[in-house]
Every structure is written in C-alpha cells, then in structure tokens.
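Chemist: Supplied in structure tokens, the structure appears directly below.
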Amino acid sequence: MKEQQKKKAAPVLVVLILIVLVGAAGVGSFLINRYKPGTEYMAGNEYFNLTDENSVALIQNGELLEEQAVLIGGEPYAAYTYVESQLNSCFYWDEETKGILLTTSGGVQTLLPGDAAVAKTPGGQPAVQQESDGKVYISLDVVKEYTDLDYAYYSDPNRVVIRNEWDGVEQATVQSDTAQVRQKGGIKSLILADVQKGDTLLYLENLDNWCKVMTADGYTGYIQTEDIMIRPSMMPETVWKLSKWSGRNEVYQKVRD
C-alpha cells in the first residue's frame, strides 16, 4: 500500500516542482525586463522636428528653437530676421538697395542677394540668398566672421549648434566606459545619443539620480548621475567658449577676457 502511495505521489511532486520552477522563471524574467535598460533609439529627424532634407535644426545656447535654418547648395543659411534679432543686429535689410547692409569697424558693406563679390561662403556661394518666396537668408559661415559666436553644422540629421552666451556654462565629463543620453530621466526612455568615457557634455540641471545635459552635437537629454563627473563652477572672470567642433568627443577651452 505504501509503495503504491509513493508511486502516486511522485508524479504530483514532479508537477509541483515544475510549477515552482516555471513561476520562478516568470518572476525572474519580469524582474529582468523591468530593470533592464531600454535599447530603442529616437530618430534624429523626429527629435529635431525635421520634415525635409533641406531643413536644418537650430540649437542656440542649449535650446532647440522652433525657428529652422535651410541648406542652400549644401551649406547652412539662416533667415535674415533671425540673424538680425538673435545673433547680430549689424546685418540690416535695406529696402532701397534691396540688400543687406553690414556695418563693421571698416564701414558699411552692401551684400546683395546672389552676389558673391563682397562676401561669399567657404563653398564660394553668395553670402546672401533670396528664395523665390522673397525670404532672405544669410550664410551662417559669413555671420560667424563678424559675430562673437561659435557654431558647428552637423548632418544626418541636419542641425546647427550655436553659442553666443557663455556666462554660467558648466561642464560634465563622462566617466563610464559607455553611457546613454536619454530623452527622459529613466532607463526605459528612448536613447538620444551614446557617449564615451572622456566625452565633455554641457551640464544643465541635477535631478537626483539623473542629470540634464547637452552633447556637443546638440542633443539635450538625461544621463545617469553616476556616469558623469560634474566640473566645479567657473570663476566669475572666466567664460567658457567652444573649441573647434569636430565631433562628439568635444573639448572646451577656457578663454579669459
């Protein structure tokens, strides 16, 4: 009788063990998925709100603007109205000459749309272009020559990163071998950019376990605090200017007045 009971109990025990194992595996899988960082990337064109191949996002002083620049002949141009109001008021549209009057220490120059005689881009195009709808654009390379600003153009997706204010700029250095800047502060949030050890980021805000930062090429998002080292605040007489923007591994120069 006892032998028969043992034989009947054995399959039941096996079933119970299997149920426990399956349940444990399910719980383990749930916990792994819950705490495993997300690996999905946000499309660059979506992040920068670009709708066509000639649109260029404008990131100025760490802020993504609604205003956009355009590519003309493969080079970035910004609307005259934006340049005059946000970057340099010395570029002024003159209705009489139908051109841009540029006031410099050497006098006043007239930059006519489509005329490269006075000023031209690195690619040899006129500094000022006028589209068929009448909108006037100025080459950002030419604007930079006469303006206290730093800017860099990046493609795929098209964007221009501009800085003309340096007071209060702080930095952080990536100290993990690899890390991600995410759209929001959370490990499941979409990834905006990968960063590497030694990369320099603009430090914007501390949110406990996450910090708001901007990469050298214009992505503003969140990185885990443990992945970066925040540099000390600058002395009042010092400002930080961007050096030559050659890629994501960007270095910032300290420039004294």
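Chemist: Against the conditions (1) in a strand (DSSP E or B); (2) surrounded by fewer than 20 Cβ atoms within 10 Å (Cβ to Cβ); (3) touching a Gly at 6+ places or on another chain (Cβ under 9 Å), where does VAL108 fall short? Just the number, please.
Modeler: (3)
Chemist: Name, by its number, the condition in (1) at pLDDT 95 or above; (2) in a loop (DSSP other than H, G, I, E, B); (3) within 23 Å of ASN61 (Cβ to Cβ) that does not hold for SER85.
Modeler: Exception for SER85: condition (2).
Chemist: Continuing with this model, one more query. In this structure, is TYR151 surrounded by 18 or more Cβ atoms within 10 Å (Cβ to Cβ), modelled with pLDDT under 95 and part of a strand (DSSP E or B)? Reasoning before the result, please.
Modeler: Details: surrounded by 18 or more Cβ atoms within 10 Å (Cβ to Cβ): yes; modelled with pLDDT under 95: yes; part of a strand (DSSP E or B): yes.
It is true that TYR151 is surrounded by 18 or more Cβ atoms within 10 Å (Cβ to Cβ), modelled with pLDDT under 95 and part of a strand (DSSP E or B).
Chemist: Among SER132, SER176, which is out of contact with any strand residue (DSSP E or B) (no Cβ under 6 Å at 6 or more places or on another chain), closer than 22 Å to LYS36 by Cα and part of a loop (DSSP other than H, G, I, E, B)? Show your work before the answer.
Modeler: Numbers: SER132 fails: closer than 22 Å to LYS36 by Cα.
Only one candidate passes the filter, namely SER176.
Chemist: Continuing with this model, one more query. Looking for whichever is under 22 Å from ALA216 (Cβ atoms), touching a residue at least 24 places away in the same chain (Cβ under 8 Å) and of a type outside the set (A, V, I, L, M, F, W, C) here; the options are GLY73, GLY99, GLY123, GLY62. Which one fits?
Modeler: On the way: GLY73 fails: under 22 Å from ALA216 (Cβ atoms); GLY99 fails: under 22 Å from ALA216 (Cβ atoms); GLY123 fails: under 22 Å from ALA216 (Cβ atoms).
Residue meeting the stated conditions: GLY62.
Chemist: Against the definition (charged (D, E, K, R), at pLDDT 95 or above and either surrounded by fewer than 16 Cβ atoms within 10 Å (Cβ to Cβ) or closer than 30 Å to SER55 by Cβ (or both)), how does ASP167 come out, yes or no?
Modeler: Details: charged (D, E, K, R): yes; at pLDDT 95 or above: no; either surrounded by fewer than 16 Cβ atoms within 10 Å (Cβ to Cβ) or closer than 30 Å to SER55 by Cβ (or both): yes.
It is false that ASP167 is charged (D, E, K, R), at pLDDT 95 or above and either surrounded by fewer than 16 Cβ atoms within 10 Å (Cβ to Cβ) or closer than 30 Å to SER55 by Cβ (or both).
The values are calculated or read from the model by the stated rules, or taken from the named source; none is laboratory data. If you're wondering where the values come from, they're calculated on a predicted model, not measured in any experiment. Reconstructed Cβ throughout: ideal geometry from the backbone, glycine too, with neighbour counts over all protein chains shown.
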